1. Return the only residue of Val111, Val67 being within 16 Å of the chain's Cα centre (by Cα), farther than 19 Å from Ala13 by Cβ and surrounded by 14 or more Cβ atoms within 10 Å (Cβ to Cβ).
2. Would you point out which residue out of Arg188, Arg125 is touching a residue at least 24 places away in the same chain (Cβ under 8 Å), over 15 Å from Val6 (Cβ atoms) and of a type in the set (Lys, Arg)?
3. Under 6 Å between Cβ atoms, at least 6 apart or on separate chains: pull out the pairs that start in region 88-108 with a residue that is under 12 Å from Arg71 (Cβ atoms) and end on any residue that is of a type outside the set (Asp, Glu) and assigned to a helix (DSSP H, G or I).
4. Please tell me if Gly9 is touching a His at 6+ places or on another chain (Cβ under 8 Å) and of a type outside the set (Ser, Thr, Tyr).
5. Checking Asn40 against (1) surrounded by 21 or more Cβ atoms within 10 Å (Cβ to Cβ); (2) touching a Leu at 6+ places or on another chain (Cβ under 7 Å); (3) not aliphatic (A, V, I, L, M), which single condition isn't satisfied?
6. Look through Glu131, Glu141 and report the one residue that is within 13 Å of the ligand (Cβ to nearest atom), over 19 Å from the mean Cα position of the chain (by Cα) and assigned to a helix (DSSP H, G or I).
7. From Ala51, Ala32, which residue is buried (at least 21 other Cβ atoms within 10 Å of the Cβ) and without any contact (Cβ under 8 Å) to a residue 24 or more places away in the chain?
Amino acid sequence: MAIYVVLLGAPGAGKGTQAKRLQAILGLPQVATGDLFRHNLKNETELGKLAKTYMDRGELVPDEVTVAMVRDRLSQEDCVNGAILDGFPRTLSQAAALDDLLKEFNGEISVVPYIHVEQEELVKRLLKRAEIEGRSDDNEETIRTRMRVYEEQTRPLLDYYREKGLLVQINGQQSIEAVQADLLNAIRNIMKKVQ
Ligand code: AMP
């Protein structure tokens, strides 16, 4: 059975870093909507042009567009055994769309690790990333908007997945290696049960 892992956490919690490591260890592709949008932006596709207007402001790209992009990505050959979803879903409506989508693939979410990091630490990390990576949406104003969007639209997903018994809280304020070990532990526990 395919394994779908949904990584939750605020911007700056370390989802991308961890998803890349998990991808290498578990052999499941990282599906990061932010990266997919940035790829489209770089290649100046219509989708990229549309996404840019939202990304530059730190707002969410409309659900229909985002869900269609994820459907397309999860339909690809390398996702047959599942995927590590990073940055999706980000709204309750995306979460419902993902449930429907996985039903189409005869799959379901296996586990939802939530990487928890205190707000103050998140802002510090994002400002540091802005210096190192030069991501255009890592400026102070956009960071504030992204945090607000996270609080208002994404945080409700914690309860949504907690009620389904899928949420596992991980302490994100440890070394990258320790966070990785906790995540692997949570995921492997589930894999033992479903395989
Ligand atoms: P990220 O790299 O995950 O921080 O995403 C960067 C930006 O891409 C976000 O601020 C949004 O504008 C857009 N984005 C990424 N994932 C989603 C999503 N699931 N729904 C809507 N917009 C998204």
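The values are calculated or read from the model by the stated rules, or taken from the named source; none is laboratory data. Here the structure is a predicted model, which means the values were calculated and not measured. Because the Cβ atoms are built from the backbone with ideal geometry, glycine has one as well, and the counts that use them run over all protein chains shown.
1. On the way: Val111 fails: farther than 19 Å from Ala13 by Cβ.
Only one candidate qualifies: Val67.
2. The unique qualifying residue is Arg125.
3. Phe88/Thr33; Phe88/Val70; Ala97/Val67; Leu101/Arg71
4. yes
5. So Asn40 meets the others, but not (1).
6. Working: Glu131 fails: within 13 Å of the ligand (Cβ to nearest atom).
Testing whether each residue is within 13 Å of the ligand (Cβ to nearest atom), over 19 Å from the mean Cα position of the chain (by Cα) and assigned to a helix (DSSP H, G or I) leaves just Glu141.
7. Going through Ala51, Ala32 in turn, the sole match is Ala51.
The rows are residues; the columns are (1) closer than 27 Å to Ser110 by Cα; (2) near the ligand (Cβ under 8 Å from one of its atoms); (3) touching a helix residue (DSSP H, G or I) at 6+ places or on another chain (Cβ under 8 Å).
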| residue | (1), (2), (3) |
| --- | --- |
| Leu26 | yes, no, yes |
| Gln30 | yes, no, yes |
| Thr33 | yes, yes, yes |
| Glu44 | no, no, no |
| Met55 | no, yes, yes |
| Gly58 | no, yes, yes |
| Val67 | yes, no, yes |
| Arg71 | yes, no, yes |
